[in-house]
Amino acid sequence: MKLKLLYTCMAITGIAGTAFAQETVDQAAVQKIREEGMNHSKVMETAFYLTDVSGPRLANSPGLKRAQDWAVNQLKTWGMVNSKLEPWGKFGKGWEVQKNYAAITVPYYHAIIAIPKAWTPGTNGPIKGDVVLVKADTTTDLDKYKGKLAGKIVIFDSQAKLTPGTKADLSRYTDEELDKMAAATMAPAGGARRQFDPNSPQMAARRKMMAMRGAISKFLVDEKVGLILVQGRGNYGTTFTTNGASYADTAKAVAPELETSGEDYLRILRLVKAGQKVTMEADIKTEFFTNDMQGYNVVAEIPGTDKKLKDQVIMIGGHLDSWHGATGATDNAAGSAVMMEAMRILKTIGFKPKRTIRIALWSSEEQGLFGSRGYVAAHFGDPKTMVLKPEQAKLDAYYNLDNGTGKIRGIYLQGDSAAGSIFKEWLAPFKDLGATTVTVSNTGGTDHQSFDAVGLPGFQFIQDGMDYNTRTHHSNQDTYDRLSEDDLKQAATIVASFVYNTSERKDMIPRKALPTLPPATTVR
Ligand SMILES: [Zn+2]
């Protein structure tokens, strides 16, 4: 193993040797890109159509379809070719909220902040019922509720306390933090992966909890409860949605369920636990769509022009699907709008790339990177068997954006250290805009991993956190208002310049050794 690693390093150093040679950056082209990206930007207009106009873009929902159709058309209008929806495989049911009303009526009136859990049914018209606290650690505990819950509003006990926030919502990387990232050491070669032990005590406890949840869910459906309230994560009226119920066409029936703001949930719970009678009224209407259960990605291109290099492809992208609590502005209309804007900038400056440039706006990232994994399997290879397809050798690099509205501070190399010195040169013209850092580290939870899994250079940029993890990521506050125009302009400009440099470079971006075994993927 040691000798092999040494050989790999030598091989990489060889490539890196080349890479360490001064990377030529076309400053004139970078200036043109910067002028268009920073002073004639359309990124916020694009973000407006993807958020306020399209609405929530849950996987396979009408909102996602609106955004996809608009994006395909807009890319065409900007002059991209082969702009289309490309199926990636079977996803499941579409779903959307068509009415969401719930309020306390006794002991007084109060409309609550709550979001129907994804892929759950509605209340079948207006309902009114008393709130009942259900406490059950075992299935036997459920027996005492038999025959008593029909039409009731069910709530569960909670020990959660809402504590005042001590940190500012918004954060940006400090120089110290970026220096620490830059100094990080290389990830193990060949994409070594974590072993997962299904028999560990934690996994056993998790299976037990999931089984109990399943039993409670079935019991409440059988008892014909009117509505279930669960406490949503969050504070100050901000509620973060969960992964929802199953979207599979074979999914078991579930009861209507509201992910409720902490304030409203704990008020109702305190009243009920104090023996106060609480009555609520609600009218939830949701719709399931089964006419087309295929999943689709948006793709479009700027064709390459160089005889030798035009069949090599540079891809950029991010996921377009979102959760449904708001309009998925920072997750991930931001990344989608930046990537579309990068294509617009390159087209607008009249760029005739040597290599072909392709944008992909993925769907069903939130359910498991399905859109990008389906695309990679169809075009490049199977990470489970590492059987590769001819296109795998022609894919130069894939650049992803999916960490909110924050500007680019640098790039993660995902262990591909040989690309480090190249990207350093490419970031240099943007030092004044705060983009400086190249870290050899991996970052997870999004679509570049689908490329990395079959040995392709897949990179996610380092972005300022802003209020992504504190306020917007999967919450009912993820609206257009949370987008930062200056940050998105900077990001689109840098992405466009990376694509320009990748296209015009003599060699392809150096690669890591192929992963020996399929890497585990994590979803954020
Ligand atoms: Zn995301």
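The values are calculated or read from the model by the stated rules, or taken from the named source; none is laboratory data. Predicted, not measured: the structure shown is a model, and the values here were computed from it. Backbone-built Cβ (ideal geometry, glycine too); neighbour counts: all protein chains shown. Note: areas computed on protein heavy atoms with side chains; ligands, DNA, RNA excluded. Shrake-Rupley method; radii C 1.70, N 1.55, O 1.52, S 1.80 Å.
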When DSSP assigns beta bridges and you keep just the ones with both residues in the range 355-509, what percent turn out antiparallel, to the nearest 5? 45
Express in nm, to one decimal, how much length is gained between M38 and T385 on full extension, taking 0.36 nm for each residue of separation and deducting their alpha carbon distance. 120.5 nm
What whole-number distance in Å separates the alpha-carbon centres of the range 61-135 and the range 278-341? 15
If r is the Cβ-Cβ distance from A428 to R66 and R0 is 51 Å, what FRET efficiency results, to the nearest 0.05? 0.80
Return the carbon/sulfur percentage of the accessible area of the range 150-301, one whole number, probe 1.4 Å, all protein chains in place. 56
Give the residue list of trypsin sites (Lys or Arg not before Pro) in the range 453-520 that are DSSP loop and have at most 15 other beta-carbon atoms within 10 angstrom. K506
What is the percent carbon and sulfur in the accessible area of the range 432-491, measuring with a 1.4 Å probe over the protein chains and ignoring ligands? 37
Calculate the spin-label point distance for K76 paired with R267, positioning each point 7 Å from the Cα along the beta-carbon direction, and give it in nanometres. 4.9
Expressed as a whole percentage, what fraction of the accessible surface of the range 311-428 belongs to carbon and sulfur atoms when a 1.4 Å probe is rolled over the protein heavy atoms? 56
Of all DSSP beta bridges in the chain, antiparallel share, percent nearest 5: 60
Could you sort out which of K135/K252; K384/K506; K65/K285; K146/K252; K148/K273 sit more than 25 Å apart by Cα distance in this structure? K384/K506
Roughly how many Å² of V221 are accessible to a 1.4 Å probe, to the nearest 10? 40
Sites matching trypsin sites (Lys or Arg not before Pro) across the range 318-396 that sit in DSSP coil, with at most 14 neighbouring C-beta atoms within 10 Å: K384
Y236: accessible area at probe 1.4 Å, nearest 10 Å²? 140
Where the chain is the region considered: accessible area per residue in Å², 1.4 Å probe: 44
Debye, to nearest 20: dipole size of the range 115-168, +1 on Lys, Arg Cβ, -1 on Asp, Glu Cβ: 160
List K117, K99, ordered by accessible area with a 1.4 Å probe, largest first: K99, K117
Which angle between 0 and 90 degrees, to the nearest 10, do you get for helix 370-379 versus the longest principal axis of the chain when only C-alpha atoms count? 40
Using the per-residue mean of other Cβ atoms lying within 10 Å as a proxy for protection, in what order, highest first, do the peptides 272-278, 457-463 fall? 457-463, 272-278
Selected from L346, Q367, N403, residue furthest toward positive end of dipole (the range 326-466; charges at beta carbon): L346
So what does D137 come to for accessible area, using a 1.4 Å probe and Å² rounded to 10? 130
Round to the nearest 10 and give me the degree value, 0 to 90, for the angle of helix 201-222's Cα axis relative to the longest principal axis of the chain. 50
